[in-house]
1. Quick check: anything in the range 134-151 assigned to a loop (DSSP other than H, G, I, E, B), surrounded by 12 or more Cβ atoms within 10 Å (Cβ to Cβ) and either under 17 Å from the mean Cα position of the chain (by Cα) or free of Cβ contacts under 8 Å to residues at least 40 places away in the same chain (or both)?
2. Does residue 14 satisfy being under 23 Å from residue 162 (Cβ atoms) and at pLDDT 95 or above?
3. Looking at (1) in contact with a strand residue (DSSP E or B) (Cβ under 7 Å, 6 or more places away or on another chain); (2) crowded, with 17+ Cβ neighbours inside 10 Å; (3) modelled with pLDDT of 95 or more, find the lone condition where residue 20 falls short.
4. Using the structure shown, decide if residue 127 is modelled with pLDDT of 95 or more, assigned to a helix (DSSP H, G or I) and in contact with a strand residue (DSSP E or B) (Cβ under 9 Å, 6 or more places away or on another chain).
5. Assess whether residue 88 counts as being crowded, with 22+ Cβ neighbours inside 10 Å and either under 22 Å from residue 8 (Cα atoms) or touching a residue at least 60 places away in the same chain (Cβ under 8 Å) (or both).
6. Hey, does the range 101-118 have a residue that's buried (at least 16 other Cβ atoms within 10 Å of the Cβ), in contact (Cβ under 8 Å) with a residue 12 or more places away in the chain and part of a helix (DSSP H, G or I)?
7. Within the range 27-42, which residues are in contact with a strand residue (DSSP E or B) (Cβ under 9 Å, 6 or more places away or on another chain) and buried (at least 18 other Cβ atoms within 10 Å of the Cβ)?
């Protein structure tokens, strides 16, 4: 499938999932969030319409997250966006927090890939605002642990671990939420 140059959409750290047909799916070995040269080999600055990163940013330190956001900013077209989903530090469930904690999930054969930060909507928003983006909250828990959901479009990037798509979250209660934002290049 050929993608029009003005419609380039990229999934970072796609894993084995393909929740976004028509998007370019990448792994860290081919597109490293912290290595601008890997981006330059594949894309031109200001050329991408959309970037999606589902449960990737928590594997970076706060400083690395800012660096990665700045690299993404450079490659997005004006008005383009990056959709981010990470575990939510304000979700009030002890077993969830134990699972997503710093040092938590990551490949057993690659311990450096474990969680390095657990974001709340304040800290994640600040990473992207610092990098020049306008931030729109999509799904998140507030400071009191109340879950908020704002409608978002699948064509702008499907996040599987969301209220909208994760079967664990389809009942009356949210069981496994993500903190989701759109960061829009000004």
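The values are calculated or read from the model by the stated rules, or taken from the named source; none is laboratory data. In this text the structure is predicted, and so the values were computed from the model without any measurement. Neighbour counts run over all protein chains shown; Cβ positions are idealised from the backbone, glycine included.
1. The answer is no, given that none of the residues of the range 134-151 is assigned to a loop (DSSP other than H, G, I, E, B), surrounded by 12 or more Cβ atoms within 10 Å (Cβ to Cβ) and either under 17 Å from the mean Cα position of the chain (by Cα) or free of Cβ contacts under 8 Å to residues at least 40 places away in the same chain (or both).
2. Answer is no for this residue.
3. The single condition residue 20 does not satisfy is (3).
4. When the stated conditions are applied, residue 127 passes them.
5. yes
6. Taking every residue of the range 101-118 in turn, none turns out to be buried (at least 16 other Cβ atoms within 10 Å of the Cβ), in contact (Cβ under 8 Å) with a residue 12 or more places away in the chain and part of a helix (DSSP H, G or I).
7. 31, 33
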